[in-house]
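Data first, discussion second: the structure below is written as structure tokens.
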Number of protein chains: 2
Amino acid sequence: MQYAELYKNELLENVIPFWLKHSKDEEDGGFYTCLDRFGNVYDTDKFVWLQGREVWMFSMLYNNVEKRAEWLEMAEHGAKFLKTHGKDDEGNFYFSLTKEGKPLIEPYNIFSDCFAAMAFGALHKASPNPEYEKLARDTFNNIVARQYNPKGKWSKAYPGTRNLKGFSLPMILCNLSLELEHILGPDKVNEFLPTVIHEVMEVFYQPDKGLILENVYEDGSFCDSFEGRLLNPGHTIEAMWFIMDLAVRINDKKLIDQAIKITLRTLEKGWDNEHGGIFYFLDVNGHAPQQLEWDQKLWWVHIETMITLAKGWKLTGNAECERWFKIVHDYTWKNFRDAEYGEWFGYLNRQGEVLLNMKGGKWKGCFHIPRGLYQLWKIFEDFNHEVADEQQSVLNSAS
Amino acid sequence: MQYAELYKNELLENVIPFWLKHSKDEEDGGFYTCLDRFGNVYDTDKFVWLQGREVWMFSMLYNNVEKRAEWLEMAEHGAKFLKTHGKDDEGNFYFSLTKEGKPLIEPYNIFSDCFAAMAFGALHKASPNPEYEKLARDTFNNIVARQYNPKGKWSKAYPGTRNLKGFSLPMILCNLSLELEHILGPDKVNEFLPTVIHEVMEVFYQPDKGLILENVYEDGSFCDSFEGRLLNPGHTIEAMWFIMDLAVRINDKKLIDQAIKITLRTLEKGWDNEHGGIFYFLDVNGHAPQQLEWDQKLWWVHIETMITLAKGWKLTGNAECERWFKIVHDYTWKNFRDAEYGEWFGYLNRQGEVLLNMKGGKWKGCFHIPRGLYQLWKIFEDFNHEVADEQQSVLNSAS
């Protein structure tokens with residue numbers, strides 16, 4: 001079997017049907033994301049990150065795969081809930097809502113806004129509507145306005161003592177600006193890109209270490225503290241495929257090579273040689289990280305890494321990308337996938353065993369796995385490679 | 001060997017020397033708590049919880065064990081840093097400070113104040129000083145004033161949608177009011193106790209489940225959400241020895257029995273039958289908790305449980321307390337203790353292996369282990385029991 005076929009089938013036959021079947025709240029609108037292994041709802045709170053991401057996912061499938069009415073209907077269903085209940089009077093998106101849509105957690109987290117903007121942007125492409133367009137544009141502008149103080153009054157850092165900036169926002173902006181190009185226009189995106197690329201590849205990237213740090217001083221220098229020493233290998237590697245997409249757009253071969261170099265260096269540092277899989281967090285100096293979950297293996301880390309490696313392999317033929325891709329593919333497919341009840345597990349312990357017996361929760365929804373499967377399908381669609389024999393046997397025994 | 005002797009030796013020969021030797025910052029004052037396995041400082045930030053707790057610990061030893069000048073000097077050293085740098089103009093204690101004492105994280109966390117009040121209260125007993133007395137009293141009053149909105153402007157909960165209250169604060173107030181009795185006076189403490197006991201044993205305790213929940217609605221009812229379903233077995237069991245201390249004080253035998261009943265029920269629910277040890281978090285309905293570290297084994301959970309079981313065993317002769325005490329003692333001594341480099345490890349994975357190779361960090365300092373060893377020494381001082389043979393052999397092989 002070809003990789004392209006494998007990923008396409010998994011997306012369309014195992015993963016998307018799970019969300020279509022289990023995540024729609026027919027009573028109050030929006031999506032359930034707290035779904036156990038079998039798809040039963042175990043908690044009804046609605047987390048705005050995941051509401052936005054699921055709207056985006058179904059819109060994207062409708063835009064790029066096939067004009068299936070049930071996909072568009074699913075996206076519209078989520079968007080209706082999000083625009084009715086999702087934001088406060090200033091247009092800031094809450095972090096979470098009750099089943100009925102009442103605000104639960106205040107808009108302290110700007111990524112709620114990022115995923116809402118992505119959602120309305122993609123849905124506007126699927127089903128043009130000035131209201132969606134305005135929501136996407138206004139929310140994007142609000143994110144840009146809030147970017148230097150994203151937590152606002154909820155920030156617990158005492159001003160001035162240790163001003164750090166985080167990697168997440170420039171990284172998401174990389175991806176978001178491309179996602180909203182049909183709304184922002186190419187000029188705006190082109191104006192935006194050099195700064196974002198500079199931030200990721202020069203400010204957060206530390207040449208002496210060959211690694212990207214999660215938090216740096218405002219001038220990009222290293223801060224010797226828990227936050228400053230933090231490595232998030234999955235985050236770095238995910239950002240590298242956003243960078244490769246931008247590099248392809250601006251036709252910058254050197255930028256692709258640099259992204260591959262950082263990916264491979266991060267993977268060597270982040271791979272668990274004892275049990276396999278990629279660590280969630282590490283301290284760059286090898287100290288104990290403050291995150292107790294540091295040694296766990298997370299779904300998004302692994303599928304995002306597969307995307308980056310597959311893109312690197314395809315774009316340059318790099319043999320290390322190919323070798324690592326096959327290793328990560330095998331680990332991921334074997335440990336995360338649930339052939340029996342659909343979708344994939346999200347959280348494994350260091351040993352690769354299921355840590356949380358569920359398919360979705362507060363942070364895992366209909367996003368990384370289907371987006372990754374789609375990306376991988378498309379990468380391999382005109383880049384034909386057979387799935388290795390060992391992999392075939394894993395598949396056969398699992399289904 | 002008797003248990004009393006075992007705990008006394010461990011406290012005075014293995015644990016306290018570790019902190020005396022490694023934790024004092026001679027340059028800027030206060031204590032380092034981020035110490036690796038060998039006692040080397042790997043981070044210099046100063047977390048106010050742990051600054052206060054170490055001042056309390058050395059004061060308590062001076063008050064209750066022996067008038068050693070180095071213990072009092074250590075407590076005064078920490079107190080000086082804490083009173084100079086620890087609080088804002090309104091008397092709220094910051095969460096953390098730099099090595100030099102500059103504020104890093106704002107006073108969003110009222111437990112900083114709780115441990116500061118405990119520190120100055122105990123130090124005032126060791127070395128009477130109107131300034132310490134005033135700091136303890138003012139801080140206590142500030143905690144009481146803030147108790148219904150402890151996070152203040154840093155609270156992320158949208159007001160009114162789901163008003164929950166947490167178990168931590170009433171539980172700490174149980175202990176804190178007794179700790180400050182020499183300052184507050186017995187009348188104030190007697191006035192305070194019935195409310196605190198009622199909160200712990202009737203509001204947070206759920207009779208239908210036989211368990212204490214970490215968060216309940218303001219009227220004490222169950223909230224079916226991640227927060228509302230949360231069990232923290234170590235927290236419940238720790239609170240039960242505070243309750244037993246209060247029960248002894250007010251000579252309430254029924255209250256002791258009820259505390260033992262809750263302890264044993266919590267232990268049956270929280271014990272890991274597969275790998276041993278007590279889980280950190282559980283969902284009361286058996287769903288996936290949101291805490292990824294739920295299956296880890298933490299130092300404080302285990303030593304606090306030993307205290308509660310030993311008190312229950314001594315106060316009532318309850319055979320289940322004795323049986324469980326021996327089980328938890330064996331697990332804890334075997335897995336957490338570091339006979340080679342002093343002090344105990346803090347964080348084990350589910351399998352009982354060391355997860356973080358350190359002795360202190362952002363949350364672990366000079367507190368639970370030495371306080372627990374002191375408590376256990378005193379419990380067994382006039383309650384003679386031989387350490388079981390298997391335990392002796394563990395000790396011999398380890399040292």
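The values are calculated or read from the model by the stated rules, or taken from the named source; none is laboratory data. Fair warning: this is a prediction, and the values are worked out from it, not measured in the lab. Reconstructed Cβ throughout: ideal geometry from the backbone, glycine too, with neighbour counts over all protein chains shown. Side chains included, ligands, DNA and RNA excluded: accessible areas come from the protein's heavy atoms. Shrake-Rupley method; radii C 1.70, N 1.55, O 1.52, S 1.80 Å.
What the table below lists for this structure:
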| item | result |
| --- | --- |
| Enumeration of residues in region B:335-373 that are touching a helix residue (DSSP H, G or I) at 6+ places or on another chain (Cβ under 7 Å) and acidic (D, E) | B:E343 |
| Sole exception among (1) of a type in the set (S, T, Y); (2) within 14 Å of chain B (Cβ to nearest Cβ); (3) crowded, with 21+ Cβ neighbours inside 10 Å for A:T139, by number | (2) |
| First in region A:270-296 and facing chain B (nearest Cβ under 8 Å) and closer than 20 Å to B:Q296 by Cβ, second anywhere and surrounded by fewer than 18 Cβ atoms within 10 Å (Cβ to Cβ) and not basic (K, R), Cβ under 8 Å, 6 or more apart | A:A288/B:N357; A:D295/A:D272 |
| Residues satisfying the stated conditions in region B:271-321, i.e. of a type in the set (F, W, Y) and not in a helix (DSSP H, G or I) | B:W271, B:F279, B:Y280, B:F281, B:W294 |
| A:A288 being at pLDDT 95 or above and in contact with a Leu (Cβ under 6 Å, 6 or more places away or on another chain) | yes |
| Condition check for B:S168: away from chain A (no Cβ under 14 Å) and under 15 Å from B:V216 (Cα atoms) | yes |
| Which listed residue, of A:D224, A:D208, is within 14 Å of chain B (Cβ to nearest Cβ) and of a type outside the set (S, T, N, Q) | A:D224 |
| Single unsatisfied condition, B:G160 versus (1) among the small types (G, A, S); (2) away from chain A (no Cβ under 14 Å); (3) open to solvent by 30 Å² or more (accessible area, probe 1.4 Å) | (2) |
| Total residues in region B:26-56, condition farther than 19 Å from B:K102 by Cβ, hydrophobic (A, V, I, L, M, F, W, C) and within 14 Å of chain A (Cβ to nearest Cβ) | 2 |
| Residue in region B:205-212 that is aliphatic (A, V, I, L, M) and in contact with a strand residue (DSSP E or B) (Cβ under 6 Å, 6 or more places away or on another chain) present | yes |
| Of all residues making up region A:243-255, the number that are open to solvent by 10 Å² or more (accessible area, probe 1.4 Å) and under 16 Å from A:I212 (Cβ atoms) | 1 |
| Set B:E191, B:E227: member being open to solvent by 40 Å² or more (accessible area, probe 1.4 Å), modelled with pLDDT under 95 and closer than 28 Å to B:N163 by Cβ | B:E191 |
| Region A:35-46 residues that are at pLDDT 95 or above, paired with ones that are of a type in the set (S, T, N, Q) and open to solvent by 30 Å² or more (accessible area, probe 1.4 Å) (beta carbon under 8 Å, 6 or more apart) | A:D36/A:N357; A:R37/A:N357; A:Y42/B:N285 |
| Failed criterion for B:E179 (all others in (1) open to solvent by 30 Å² or more (accessible area, probe 1.4 Å); (2) under 25 Å from B:S59 (Cβ atoms); (3) outside the structural domain of B:E268 (by TED's automatic domain parsing) hold) | (3) |
| Residues within region B:280-321 that are within 18 Å of B:K334 (Cβ to Cβ), crowded, with 23+ Cβ neighbours inside 10 Å and among the aromatic types (F, W, Y), tallied | 1 |
| Qualifying residue in region A:322-344 (condition: open to solvent by less than 30 Å² (accessible area, probe 1.4 Å), closer than 20 Å to B:Q291 by Cα and either part of a strand (DSSP E or B) or within 14 Å of chain B (Cβ to nearest Cβ) (or both)) | yes |
| Residue check, B:K8 under 21 Å from the mean Cα position of the chain (by Cα), among the charged types (D, E, K, R) and away from chain A (no Cβ under 14 Å) | yes |
| Hits in region A:57-97 - residues which are within 14 Å of another protein chain (Cβ to nearest Cβ), open to solvent by less than 10 Å² (accessible area, probe 1.4 Å) and not small (G, A, S) | A:F93, A:F95, A:L97 |
| The lone exception for A:M201 - which of (1) modelled with pLDDT of 95 or more; (2) farther than 12 Å from A:F167 by Cα; (3) among the aliphatic types (A, V, I, L, M) it fails | (2) |
